[in-house]
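Participant: The structure that follows is given in the form of structure tokens.
The values are calculated or read from the model by the stated rules, or taken from the named source; none is laboratory data. Small disclaimer: the values here were computed from a predicted structure and weren't measured. Backbone-built Cβ (ideal geometry, glycine too); neighbour counts: all protein chains shown. With ligands, DNA and RNA removed, areas are computed over all heavy atoms of the protein, side chains included. Shrake-Rupley method; radii C 1.70, N 1.55, O 1.52, S 1.80 Å.
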Amino acid sequence: MTSQEEPGSGIPPHVLSKLNPDFVQFFRDVLSKRPRDVSIEELRAHPERYRAPTAIDTSNCERVADYEVTSEDGAKIPVRVYHPDPEKHGDGPYPVHMNHHGGGFVIGDLFTDGRLCLSMREAGVVVVDVNYRHCPETVFGKAFQDAWAAIQWVIDSSTTLNINPSSISVGGISAGGHISFVLQHMARDAGLPLKLCLASVPPATDCISFDSPADSLYPSFSEFANGPVLPWDRIKYFGQSVFPPEKRDEIRKMWPEWWLAPIKAPNFKGLCPTFIRTAECDVLRDEGEAYGLKLVEGGNKVTIKRYLGAVHTMMYLPLDNEQRKSYDEDAIQALREAHGLAK
């Protein structure tokens, strides 16, 4: 029996040959045994059963506090605020980084990026983790309004939070990266200079509404459509909640086209510095990098890093994984540089 035929592997040979061996073992031991594509009702009733293995409750950690932000339509949005250690980073006021978790605009919560937020605050920044509203309970597009409201709340609460409102960065993973792309355009248009957009494995198109992988203009979408993480059937699963066929046209009419597909934004000039992190073995790799090239064409400062052998969820691997360590170190360094902080 060959390695790609081992029980629970489910990894096509052309993908298996590219993957980091540590991930392959983790996939076989852990990820391949987790339930997939459960009903929305089950997800909402028992979120603890379906969170990533690295998700943690940080609400009782030191210098972590929960607040609520009021969105444009009056909805209350939970945020969790992480302050750095004053013995290491001084008494503030601190720069602030706005984080937005992934999950296809359908799943995710304040547990999802807990470890990442604890890590990022080691840069000497306050991290604000925004639990924007999800589909299908809330129509697609509201997440961008929630995220923008959180930025306004941070600015208005700068004294209470002990932050510097002139030193704000945004970022996120997957759907959260999409949100951060939209935010950097909104901020530019509003005259709010951001220090950095830190987007990881981001979609830059409306791929979640596609009918098949062939709808994508980017080769990675078909190449990894049957990969071990975020395969096409997973994207289609999210799409059923985000863009149900009977409401697709209605949703598209509600928002600017570039909210659905940031790569179609009409103006790429004057945007904040951006660090885009992609995974080699990810369907979204090419469109994320293509968005970066649009930023370059617009005259912006851009860094693109492709993590070789990595998958879409590389940031949720065990803490002793070398790719995970590199991911955390890159985020800390990028935030320090963007906000002008000493090592």
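Participant: Among the residues of the stretch 114-132, which ones are charged (D, E, K, R), surrounded by 21 or more Cβ atoms within 10 Å (Cβ to Cβ) and in contact with a helix residue (DSSP H, G or I) (Cβ under 8 Å, 6 or more places away or on another chain)?
Facilitator: Across the stretch 114-132, the qualifying residue is only ASP129.
Participant: Which ones in the stretch 254-312 are part of a loop (DSSP other than H, G, I, E, B), open to solvent by 20 Å² or more (accessible area, probe 1.4 Å), over 30 Å from PRO12 (Cβ atoms) and touching a residue at least 40 places away in the same chain (Cβ under 8 Å)?
Facilitator: TRP255, ASN267, GLY270, PRO273
Participant: Now, a different point. Collect the residues in the stretch 134-161 that are of a type in the set (A, V, I, L, M) and open to solvent by 10 Å² or more (accessible area, probe 1.4 Å), keeping them in residue-number order.
Facilitator: VAL139, ALA149, ILE155
Participant: In the stretch 162-181, is there at least one residue being among the hydrophobic types (A, V, I, L, M, F, W, C) and surrounded by fewer than 21 Cβ atoms within 10 Å (Cβ to Cβ)?
Facilitator: No - not one qualifying residue is present in the stretch 162-181.
Participant: Further question on the same structure: Which residue is nearest to ASP320 (Cα to Cα), if the candidates are limited to the stretch 33-54 and must be open to solvent by less than 40 Å² (accessible area, probe 1.4 Å) and touching a residue at least 60 places away in the same chain (Cβ under 8 Å)?
Facilitator: Out of the qualifying residues, it is THR54.
Participant: Related question: Among the strands (runs of 3 or more DSSP E) lying completely within the stretch 101-212, list those that include at least 2 residues that are touching a Cys at 6+ places or on another chain (Cβ under 9 Å) and within 16 Å of PHE275 (Cα to Cα).
Facilitator: Output list reads 163-173, 196-200.
Participant: Output the residues belonging to the stretch 73-94 that are in a loop (DSSP other than H, G, I, E, B), among the charged types (D, E, K, R) and either more than 10 Å from ALA149 (Cβ to Cβ) or in contact with an Asp or Glu (Cβ under 8 Å, 6 or more places away or on another chain) (or both).
Facilitator: ASP85, ASP91
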